[in-house]
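Below: one structure, written as structure tokens.
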Amino acid sequence: MEKIEGMTNKGSYEIFRSVSQKSFKHEKYFDIYDSELGPYRDRKVTVVEVGVLDGGSLFLWKEFFGPNARIIGIDFNPEAAKWVNEGFEIYIGDQADRQFWNTFYGEVGMVDVLIDDGGHTDVQQITTMQEAIPRIRDGGLIIIEDTHSSMMREFGNPSKYSFLEISKNLVNQLYGKSPLTVVLNNHFSDYVYGINFYESVVILKIDRTKCLMNKEIENMGEEIGNADFREVNQSIVTRKLIATRELLYGNPIFVRKIFRRKSEDRILLLSKYLRKSFGWIVEIIDGILYIVKKLRKNSKVKQILKSSILNMSRDK
Ligand SMILES: C[S@@+](CC[C@H](N)C(=O)[O-])C[C@H]1O[C@@H](n2cnc3c(N)ncnc32)[C@H](O)[C@@H]1O
């Protein structure tokens, strides 16, 4: 990368080791910082970190992101306010308090990167994440650190209401933008298009422009007409059902394949009519098949998990 005036090429670990003020981080975070935050360096970005303590990470981010970045620290401890004298913006408040976040974002505006290294309780992490999601700019990140608190007794964990369990569930919500799934479209998937899980760190990737409904597309390449061997795993009933669904829901690729000479618009109109009149029959057959398939598949997966050398069985 081209070196720019006032900008360092040092990695985050090197900077962390060299700043004069105390910072506490976990060793494995620095690879994550370099790969996930690298693209934001020397840009005009707004970076917020919850958890100031002795100020070390403020100086780490200042050097890492470069002179064009706006670095903002948040802490419950009023002592943190002294770092204003070093050119940082500091807000004193409780990250578990929604009113605090309203005031904060009202004054600061939209943010590019939010790093949560605050109190690490589930309530604090969940509130911070929820309040941040609509206030992060497209292309931005929310980084929740020290999520091992979700596995620590002193935080009342493990629990199904731990931050980590809640975040795992959010992975399901990402599928609200897939037309092939039963997950309903939801607000989460209007903002978040990806989640990265690392040991002790969870990263949400925000970009409203990437949160569109997904769709199957094709290129202009020559179609040889090879048999699709995915069908080998399917019964004749399933194959017919899938074909009927493709027709009823007007998948343009499928429709074009079977009605080459007809216009897509007319087929879509026909699809709509058929779906209205006979869709319920397909839904009933689909429901019955789903139950049978689920039972058969579950017992097979249990067997596979048990026989794996990794012994990943959930029954263990
Ligand atoms: C782990 S330390 C931060 C370490 C710092 N980022 C560093 O790299 O050295 C946690 C900080 O979070 C602050 N904190 C704890 N609970 C908080 C809350 N509810 N809201 C805001 N800050 C909180 C603490 O006062 C403490 O300064």
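The listed peptides 151-157, 15-21, ordered by packing as a protection proxy, come out as 15-21, 151-157 (highest mean of other Cβ atoms within 10 Å first).
A simple spin-label model places the labels of E89 and R239 6.2 nm from each other, with each point 7 Å out along Cα-to-Cβ. The relative contact order of the range 30-129 comes to 30 percent, based on Cα pairs under 8 Å that sit 6 or more residues apart. Here r is the Cβ-Cβ distance between A227 and E107 and R0 is 51 Å; the resulting FRET efficiency, rounded to 0.05, is 0.25.
Grouping the Cα pair distances of the range 12-210 into 10 Å bins from zero gives a pair-distance distribution of 9, 36, 39, 14, 2, 0 percent in increasing distance order. Distance between the pseudo-spin-label points of S35 and L305 (7 Å out from Cα toward the beta carbon): 2.7 nm.
For I288 and T8, calculate 0.36 nm times their separation in residues minus their Cα-Cα distance, and state this gained length in nm to one decimal. Please report the intermediate quantities before stating the final value.
On the way: separation 280, 0.36 × 280 = 100.80 nm, distance 6.17 nm.
Working it through step by step, the gained length comes to 94.6 nm.
A Förster radius of 30 Å, combined with the Cβ-Cβ distance separating E79 from N185, puts the computed FRET efficiency at roughly 0.10.
When you count the other C-beta atoms within 10 angstrom of each residue and take the mean per peptide, 289-302, 64-77 line up highest first as 64-77, 289-302. Can you give me the Cα centroid spacing of the range 56-128 and the range 197-241 in angstrom? One Cα centre to the other: 39 Å. How high is the relative contact order of the chain, in percent, with contacts defined as C-alpha pairs under 8 Å that are six or more residues apart? Once normalised by length, the contact order is 9 percent. Reachable lysines from K297, Cα under 29 Å, same-chain residues fewer than 8 places away excluded? Partners found: K160, K168, K177, K215, K240, K306, K316.
So what's the net charge close to F16: Lys and Arg +1, Asp and Glu -1, counting the other residues with Cβ under 14 Å from its Cβ? Please list the in-between numbers first.
On the way: positive: K10, R17, K22, K25, K28, K62; negative: E14, E27, D31, D34, E49, D54, E63, D117, E145.
Result for the local shell: -3.
The Rg/Rh ratio for the range 1-130, using Cα coordinates for both the radius of gyration and the Kirkwood hydrodynamic radius, is 0.95. Listed by chain and number, the lysines whose alpha-carbon sits under 18 Å from that of K25, ignoring those within fewer than 8 places in the same chain, are K10, K62.
D117: net charge of surrounding residues, Cβ under 9 Å, Lys/Arg +1, Asp/Glu -1, itself excluded?
Values: positive: K25; negative: E49, D116, E145, D146.
Cβ neighbours under 9 Å give a net charge of -3.
Between S178 and D265, full extension at 0.36 nm per residue minus the direct alpha carbon distance yields a gain of 29.1 nm. Only the Cβ atoms of Lys and Arg (+1) and of Asp and Glu (-1) were treated as charged; on that basis the dipole of the chain about its Cα centre amounts to roughly 2420 debye.
A short reminder: the numbers here are calculations on the coordinates, not readings from a lab. As the structure is a prediction and not an experimental result, all values here were calculated from the model. Glycine gets a Cβ as well: all are built from the backbone with ideal geometry, and neighbour counts include every protein chain shown.
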